[in-house]
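The values are calculated or read from the model by the stated rules, or taken from the named source; none is laboratory data. Bear in mind that the values here come from a model prediction, so they are computed numbers and not experimental data. Neighbour counts are summed over all protein chains in view; Cβ atoms, including those assigned to glycine, are modelled from backbone coordinates with ideal geometry.
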Amino acid sequence: MKRIAVIGAQWGDEGKGKVVDFLAENKDIVVRYSGGPNAGHTVVIDGKKYVLHLIPSGILRKGTLCIMGNGMVIDPDALLKEMEDLRSLGVHVDGDNLKISESAHVIMPYHKKLDFLQEKVKGGGKIGTTLKGVGPCYSDKTARLGIRIGDLLDPAILRDKLRLSVAIKNVLIKEFFEEEGFDVNELYETALRWGETLKGYIANTTMMLNKAVRDDKSILYEGAQGTMLDVDHGTYPFVTSSNPTIGGIYTGCGVGFNAVDAVIGVVKAYTTRVGGGAFPTEQDNEIGLYMREKGGEYGATTGRPRRCGWLDLVALRYASMINGMTHIAITKLDVLDGLERIKVCVAYEIDGDVTDEFPLSYSRFERAKPIYREFEGWDRPVKGIKDRRELPVNAMKYLEYIAESTGVKLFMVSTGPSREETIFFD
Ligand code: IMP
C-alpha cells in the first residue's frame with residue numbers, strides 16, 4: 001500500500017483527518033485533490049487540537065511534502081490565515097513543504113458573496129452550504145471564467161480575466177440580487193498581493209506528482225467531504241460542487257490509474273450530515289442528541305450542529321462500489337458506548353418496494369424509509385481500546401457485520417480522537 005486514497009464514504013465529517021494523519025507517517029507526499037475551505041479536518045496530537053481546512057493534514061508530519069492539487073478551489077486569505085494559525089501552534093509551513101498547483105482555482109470575494117446570495121434566494125430549498133464560495137468558484141471553473149492560482153503571477157492575464165468575470169458578476173449581483181457590486185481595481189490589487197505572498201508555493205504539481213509515481217514514492221491522497229456529497233454521485237442537488245470520490249483523484253491531481261494502490265473508505269460508526277437534504281436514518285430525537293453531544297458533532301468549519309442518525313449500509317455499499325474501496329476505516333466507535341440497542345439500515349422501502357440499491361433519483365431517495373437490523377450494545381466501553389482482542393464481543397460483531405456487508409477489509413477502528421486510541425487490523 002504505497003499510494004493510498006483516503007475517501008469519505010458518507011456525507012463528510014467521517015473523521016478522515018485522523019486516518020490521514022496516521023497514514024501520513026513515512027509518506028513522501030500528501031495531496032488534497034478536491035474541495036476547498038469547506039472542509040474541516042480535525043487532528044488531535046498529544047492533547048493539542050489542529051483543525052485544517054485547505055492544507056493537507058500531512059503538514060503535521062515532519063519531512064512530508066504537502067500538495068494542494070489542481071482540483072482544489074483556494075481562498076488565499078483563508079489559506080494565509082491557516083498557515084499563520086499552524087505556525088502559532090509550532091507547525092512548520094513554507095514553500096519547501098507545501099506546494100499549490102498553479103491550475104487550482106481561486107475563490108474570489110464575489111464567489112463568497114454569490115454563495116450567500118444564492119442560498120438566500122433559495123429560501124427553504126437552500127443547500128445549507130458552508131458559504132465559503134466553493135460552488136460559485138467551481139461554476140466559474142466549468143464556465144471557463146475562473147481565475148487560476150497561476151494567474152496571480154501574471155498581471156496582464158489576471159487583469160483581463162478579472163475584468164470579464166467581475167463585469168458579469170456585477171450584473172448578476174446588482175440587477176438580480178440588488179446588492180452592491182465589486183470594484184475590479186480593488187480586486188486586482190488584492191489578487192496581485194496574494195500572488196506576491198504565495199509565489200514561493202506555486203508549482204506545476206502535476207509534474208511533481210507524476211515524477212513521484214515514476215520514482216516509486218509513497219503518496220497519500222487526502223479526500224475531503226464524502227461520497228454522498230459528490231456532485232455526480234451524491235444526493236444531488238444537496239451536494240458540494242466537486243468530486244470527492246475516486247475519480248476526483250485522477251482529475252484533481254493529473255495522475256493515471258497506476259498512481260493509486262489502495263482505496264480506504266472512512267466511515268463513522270453512525271451517520272452525520274450538515275446542511276439540507278434527505279437523511280433516511282436521521283434520529284431527530286434523544287438518540288441523535290446523544291450521538292451529537294458524545295461525538296462532538298458540530299461542524300469544524302461552520303460550528304453548525306450536525307444531524308445524526310444510524311449507520312446506513314445502503315449508502316455505504318454504494319460508496320464502496322463507486323470508489324472501488326479496498327479497505328474500510330471505522331471511526332468514532334466509542335460514541336456508541338452506552339447504547340442498549342444499535343440499529344443499522346440494511347435496505348430502503350421506497351413506494352412499497354424493498355431495495356438494497358441506492359436510488360439515483362433524489363425524489364426516490366427522499367421517499368426512502370429505512371429497514372433496520374438491530375444489534376445489542378456492548379457491556380463495557382470501547383473508548384481508548386488499542387487492541388482488537390480487548391473489544392467487547394458485541395462491538396466486534398458490529399464491526400464484522402459492517403465489513404462483511406460492504407465486502408471490503410477492515411483496516412482500522414478508531415476508539416477516541418487521539419492518535420493512540422486506534423486499533424489496526426491486518
Ligand atoms: P459547499 O461545499 O459549501 O458548497 O456546501 C454544500 C454541501 O456540502 C452542504 O450541505 C455542506 O454542509 C456540505 N459540506 C461541504 N463541505 C463539507 C465537509 O467538509 N463536511 C461535511 N459537509 C460538507
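Results, tabulated for the structure shown:
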| read-out | value |
| --- | --- |
| Residue among 49, 81 that alone is surrounded by fewer than 24 Cβ atoms within 10 Å (Cβ to Cβ) and closer than 29 Å to residue 157 by Cα | 81 |
| Subset of region 123-143 (residues that are among the aliphatic types (A, V, I, L, M) and under 21 Å from residue 277 (Cα atoms)) | 127, 131, 134 |
| Given (1) in a loop (DSSP other than H, G, I, E, B); (2) surrounded by fewer than 22 Cβ atoms within 10 Å (Cβ to Cβ), number of the condition residue 325 does not satisfy | (2) |
| Sole exception among (1) touching a Phe, Trp or Tyr at 6+ places or on another chain (Cβ under 9 Å); (2) among the basic types (Lys, Arg); (3) free of Cβ contacts under 8 Å to residues at least 60 places away in the same chain for residue 113, by number | (3) |
| Of all residues making up region 203-219, the number that are in a loop (DSSP other than H, G, I, E, B) and either of a type outside the set (S, T, N, Q) or in contact with a Pro (Cβ under 7 Å, 6 or more places away or on another chain) (or both) | 3 |
| Pick from region 114-156, criterion part of a loop (DSSP other than H, G, I, E, B) and basic (Lys, Arg), ranking: nearest to the ligand (Cβ to nearest atom) | 132 |
| Count of region 22-60 residues which are at pLDDT 90 or above, within 16 Å of the ligand (Cβ to nearest atom) and either in the same structural domain as residue 109 (by TED's automatic domain parsing) or part of a loop (DSSP other than H, G, I, E, B) (or both) | 10 |
| Every pair of residues 6+ apart whose Cβ atoms lie under 7 Å, when the first sits in region 294-318 and is touching a residue at least 60 places away in the same chain (Cβ under 8 Å) while the second is within 14 Å of the ligand (Cβ to nearest atom) and of a type in the set (Asp, Glu) | 306/13; 306/297 |
| Cβ pairs under 9 Å, 6+ apart, first in region 378-407 and free of Cβ contacts under 8 Å to residues at least 12 places away in the same chain, second surrounded by fewer than 20 Cβ atoms within 10 Å (Cβ to Cβ) and charged (D, E, K, R) | 396/388 |
| Options 167, 143: the member that is closer than 26 Å to residue 39 by Cβ, modelled with pLDDT of 95 or more and small (Gly, Ala, Ser) | 143 |
